[in-house]
Amino acid sequence: MSNNVQHKMRVYHRYLGFFLAGIMAVYSISGIIMIFRETDFLKKEKQIEKKIKPNVSSENLGTELKIKNLKVEKEEGNLVYFQQGTYNKETGVANYTAKSLPYVLDKMTKMHKATSKQPLFFLNIFFGVALFFFVLSAFWMFLPKTTIFKKGMYFALAGLILALVMIFL
C-alpha cells in the first residue's frame, strides 16, 4: 500500500471527523435518550384540548388523536374516558394529557428517526456513509506491520464479536 494512499486516508479521516463532531454529538445524545422513549424520562406533561370530528368510534379515537395504543376505559353518555383524558362524542372535543420531550431534545430524536418521507433522511444517509468510511479508513491510520495496527486488529475483532453477540442474544 502506498504512503500516498495512507496519507490521504488519514487526512480525509481527520477532517471528516472534525466536520462530523457536532452531528455525532447530536446522534449520540438522541440515541441515548431514545433508549428511554417508552418511559417518562425527561418528558414534561402538557394539557391538550383538541377538536376533532364528532362521533368518532372508540376504535378510531387513537388514530384521530394520534395517541398510540389508546384504550377506552369506559363510555358514559357522550363522554369517552381513556387513560390520558376524555373525548366528547357530541362536540368532538378531546381533553387529554400528553408527555413529550423538551423542544430541542424532541427535534434531535426526530432527526435521529427520520424516514425516507422526511427531508432529514439525506442527513441520516450521509451520516451512515460517513461512519462506514470511518470504519474503513481507520485501518489506514497505522502501517500494517506495526504493533499498534496488530493490537488494533484484535480490538476490531473483539468489537465485531461483541456486536454479533448483542445482535443474536
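Here GLY159 clears all of (1) modelled with pLDDT under 95; (2) part of a helix (DSSP H, G or I); (3) of a type outside the set (A, V, I, L, M, F, W, C) except the condition numbered (1).
Listed conditions (1) within 29 Å of GLU38 (Cα to Cα); (2) surrounded by 10 or more Cβ atoms within 10 Å (Cβ to Cβ) are all met by SER116, apart from (2). When the residues of region 57-106 are filtered to those that are among the hydroxyl-bearing types (Ser, Thr, Tyr) and over 28 Å from the mean Cα position of the chain (by Cα), the one that is surrounded by the most Cβ atoms within 10 Å (Cβ to Cβ) is TYR87.
Going by the structure shown, is TYR81 aromatic (Phe, Trp, Tyr), in contact with a strand residue (DSSP E or B) (Cβ under 7 Å, 6 or more places away or on another chain) and farther than 21 Å from PHE134 by Cα?
So TYR81 passes the test.
Every condition in (1) surrounded by 12 or more Cβ atoms within 10 Å (Cβ to Cβ); (2) at pLDDT below 95; (3) assigned to a loop (DSSP other than H, G, I, E, B) is met by PRO54 except one, and the failing one is (2).
Being in the same structural domain as PHE18 (by TED's automatic domain parsing), within 17 Å of ALA21 (Cβ to Cβ) and surrounded by 14 or more Cβ atoms within 10 Å (Cβ to Cβ): is that true of PHE133 here?
Criteria met by PHE133.
Taken together, TYR15, TYR27 contain a single residue that is without any contact (Cβ under 8 Å) to a residue 24 or more places away in the chain and either in contact with a strand residue (DSSP E or B) (Cβ under 8 Å, 6 or more places away or on another chain) or aromatic (Phe, Trp, Tyr) (or both), which is TYR15.
Just to verify a result, which residue in region 35-60, among those that are out of contact with any Phe, Trp or Tyr (no Cβ under 6 Å at 6 or more places or on another chain) and among the aliphatic types (A, V, I, L, M), is farthest from PRO102 (Cα to Cα)?
Step by step, filter region 35-60, then rank; the result is VAL56.
Select from region 1-39 the residues that are surrounded by fewer than 11 Cβ atoms within 10 Å (Cβ to Cβ) and among the charged types (D, E, K, R) and list them in ascending order. Passing the criteria: only GLU38. With a requirement of 1 or more residues that are in contact (Cβ under 8 Å) with a residue 40 or more places away in the chain, the strands (runs of 3 or more DSSP E) lying completely within region 59-143 that satisfy it span 93-100. Of all the residues in region 30-51, those that are more than 21 Å from ALA114 (Cβ to Cβ) and touching a residue at least 12 places away in the same chain (Cβ under 8 Å) number 9.
The values are calculated or read from the model by the stated rules, or taken from the named source; none is laboratory data. Fair warning: this is a prediction, and the values are worked out from it, not measured in the lab. Neighbour counts are summed over all protein chains in view; Cβ atoms, including those assigned to glycine, are modelled from backbone coordinates with ideal geometry.
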